[in-house]
Amino acid sequence: MSIWEYANPKKFLATSEKVMPALWVSSAVLISAGLIWGFFFTPDDYRQGSTVKIIFLHVPSALMAINAWFMMLVASLIWVIRRHHVSALAARAAAPVGVVMTLIALITGAIWGQPMWGTWWAWDPRLTSFLVLFLFYLGYIALWEAIDNPDTAADLTSILCLVGSVFAVLSRYAVNFWNQGLHQGASLSLDEKENVHDAFSSPLYVCMAGFVLLFLALVLYRTGTEIRARRIKALMARERLEA
Amino acid sequence: MIALLLRDLKLAFRAGGGFGLGLAFFLIVTVMVPFSVGPQSELLARIAPGVLWLGALLACLLSLDRLLALDWEDGSLDLLATAPLPLESTVTIKALAHWITTGLPLIMAAPVLGVLLNLPVQGFQWLVISLLLGTPALSVIGTFGAALTVGLKRGGLLMSLLVMPLYVPTLIFGSEVARRGAEGMAVQTPLLLLAGISAASIALLPFASAAVLRVNLR
């Protein structure tokens, strides 16, 4: 059981097809349980009222927006170092999922910010760095789409991902310097004084677990699609040669 | 290395090299700003450092697609790649040539355009210093973007999409230096951070650019 076995697309497909139903079901159960618990069975916040409940969508999607990029970084490294073909495709498959997660985080944040801060958007460091992350995702996806040769595309995008990660972290701290924020600190951290109240944190953890599983399921599914798409391309090329 | 630098500079300065286009673009962007935001001098003075930085950044960006594309088209890039000079040095020299032909004229023009935008007197030196420290980073980062998109037919727009997010930290610190300078505040912290970004980009990015170029030339 090592990731190198799954450089063989056939083996990867076989295993991922076995795992995927469990992932879909458990992520659906966890997300719906977390959301129902969070929306209907938690008290209203004494200052924010019921608007606080958007946290159950906002925090997990923001978490996955960052972790999706991190996963792409690791997958790109694996591709650059060992030319693990499935890894490159998994990085490609994760990018659109990451974009959608970033968008969900930005949009739910705007909907939450309107009643609480009185504005849909502020050039707050956290908001701004998410917007920059969104731009990085767009560039990454656009580069994948622009190049025909899959190996060249995988090489170039993985180097872009490595360089982009450094600059994304730099931007994160640069915007901190540039403007003071409206956004609160971490909702869940080891420093317990800052955390949200227990009544909110338990359903939040459930939602976060659900989003992690959903992300895994989506990435496996999309990677499988990429593998099949390449297989079809190869078959069609072979047919054209024979004809 | 010096021969390559001289060749790139000659190609840029002679007819058809496009030297001065970036400068003209910088001028036109700066001149358009009062038309769009209005001629009130206090407002212009407030936004002048940021506008000048953004204009310089866009002028750098626009001249990037000529940086490697012409050499790619006539095949001289393949020759350079097989030459004894390591590709890392080649891209560094290319970035240096880009900086001399684009960045340096921009820095010299910036004070003049600062007058147009009513930049406060104490802001001029910091504007020039911030551009002097920041534009090398813009050239090096841009070379990376140009190397990424060199083989593509419609690489120009894609390159802007790729390079702009990478410019974010440089732009933040650079215009912060210029803004603080214009308002007479202490500039040391952003100035040091800007210098750090430039130094790190110049030291590390040529390796990434060369790696990308090797992939594209394969």
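The values are calculated or read from the model by the stated rules, or taken from the named source; none is laboratory data. Everything numeric in this text was worked out from a predicted model, so none of it was measured. Cβ sites come from the backbone with ideal geometry, for glycine too, and all protein chains shown count toward neighbours.
Couple of notes before you dig in:
- The single residue among A:Arg83, A:Arg126, A:Arg92 that is away from every other protein chain (no Cβ under 14 Å), out of contact with any Pro (no Cβ under 8 Å at 6 or more places or on another chain) and over 13 Å from A:Cys161 (Cα atoms) turns out to be A:Arg126.
- Scanning segment A:150-169 for residues that are closer than 16 Å to B:Ala147 by Cβ, more than 7 Å from chain B (Cβ to nearest Cβ) and of a type in the set (S, T, N, Q) turns up A:Thr157, A:Ser158.
- Residues located in segment B:143-166, provided they are buried (at least 24 other Cβ atoms within 10 Å of the Cβ), assigned to a helix (DSSP H, G or I) and either more than 8 Å from every other protein chain (Cβ to nearest Cβ) or out of contact with any Phe, Trp or Tyr (no Cβ under 7 Å at 6 or more places or on another chain) (or both): B:Thr143, B:Phe144, B:Gly145, B:Ala146, B:Ala147, B:Leu148, B:Met159, B:Leu162
- Here A:Thr157, A:Thr108 are screened, and the one residue that is touching a Leu at 6+ places or on another chain (Cβ under 7 Å) and either farther than 26 Å from A:Tyr6 by Cα or not in a helix (DSSP H, G or I) (or both) is A:Thr108.
- B:Gln188 meets each of the listed conditions (1) in contact with a Phe, Trp or Tyr (Cβ under 6 Å, 6 or more places away or on another chain); (2) of a type in the set (S, T, N, Q); (3) over 25 Å from B:Leu27 (Cβ atoms) apart from (1).
- On the stretch given as segment B:175-212, residues that are surrounded by 23 or more Cβ atoms within 10 Å (Cβ to Cβ), more than 10 Å from chain A (Cβ to nearest Cβ) and closer than 20 Å to B:Asp78 by Cβ total 1.
- The listed residue being away from chain B (no Cβ under 14 Å) and under 23 Å from A:Arg231 (Cα atoms), out of A:Ile78, A:Ile111: A:Ile78
- Selection count, segment B:193-204, where residues are within 14 Å of B:Ile172 (Cβ to Cβ) and free of Cβ contacts under 8 Å to residues at least 40 places away in the same chain: 2
- Criterion violated by B:Phe35 - all others in (1) surrounded by 14 or more Cβ atoms within 10 Å (Cβ to Cβ); (2) hydrophobic (A, V, I, L, M, F, W, C); (3) within 28 Å of B:Gln125 (Cα to Cα); (4) at pLDDT 85 or above satisfied: (1)
- Per this entry, A:Trp69 is not counted among residues that are in a helix (DSSP H, G or I) and surrounded by fewer than 19 Cβ atoms within 10 Å (Cβ to Cβ).
- Contact annotation: residue pairs with Cβ atoms under 6 Å, 6 or more positions apart or on different chains, pairing a residue in segment A:88-109 that is of a type in the set (D, E, K, R) with a partner that is surrounded by fewer than 24 Cβ atoms within 10 Å (Cβ to Cβ) and in a helix (DSSP H, G or I), are A:Arg92/A:Trp144.
- Residue check for A:Leu143: on the phi < 0 side of the Ramachandran plot, crowded, with 20+ Cβ neighbours inside 10 Å and within 7 Å of another protein chain (Cβ to nearest Cβ): yes
- The set of residues from segment B:164-179 being more than 15 Å from A:Asn176 (Cβ to Cβ) and without any contact (Cβ under 8 Å) to a residue 12 or more places away in the chain comprises just one member, B:Pro165.
- Top-ranked residue of segment A:23-53 - restricted to ones that are over 28 Å from A:Trp112 (Cβ atoms) and touching a helix residue (DSSP H, G or I) at 6+ places or on another chain (Cβ under 9 Å), ranked as surrounded by the most Cβ atoms within 10 Å (Cβ to Cβ): A:Leu23
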